[in-house]
Amino acid sequence: MRNRAQKMIMTALGAAVVLTGAAFAKSGLMADDQKFLRAAAQGGMAEVAMGHLAVEKASSPDVKAFGQRMIDDHGKANERLKALANSKSFKLPGHINPEQKSMKEKLAGLSAADFDRQYMKHMAEDHVKDVAEFQTESVDAKDADIKKFAASTLPTLKEHLKMAQDLAAKTGAKGK
């Protein structure tokens, strides 16, 4: 019984190695670059989705304008990212991750003033992470095109961070 379980585990591990190798061979991208592309795609989709919520639900015209800016800027970045991934034969995820979905649902259930505070708190915190990830990738990416994408997107993300922090303070958002 034990040998059978060990064989099953070894077979599963072997399959994982083959699949990982196949993904690398198909796209030619290192695992860290693939991880970045996935996270950037899901993050960009989440920014657009939550931006739509802000345009619909926010009570503050500034928060509505920020939401529209997320739709516009992240929408453009998402298109550039899709083109980059396609050029590398890399398939991006077509949906946001469960944590992002949960946050979107939480925000959707809030009243206007509460929405403004929570949305801006989340945007400020999220853009801190985004800036750090894109900064790292702009230096450490193995693929030159991914490095260039990260570096060229970074100034916009830094601008978003500053805007989000200013609006978070203006709306009375408390956070990290």
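The numbers here are math on the coordinates, done by the rules we state, and not lab data. None of these values were measured; they are calculated from a predicted model.
Taking 21 Å as the straight-line reach from the Cα of Lys64, the lysines in range (excluding those fewer than 8 positions away in the same chain) are Lys76, Lys101, Lys104, Lys106, Lys121, Lys158, Lys162, Lys170, Lys174. Cross-link reach is defined here as a Cα-Cα straight distance under 12 Å, omitting same-chain residues fewer than 8 places apart; for Lys142 the aspartates and glutamates meeting it are Asp32, Asp33.
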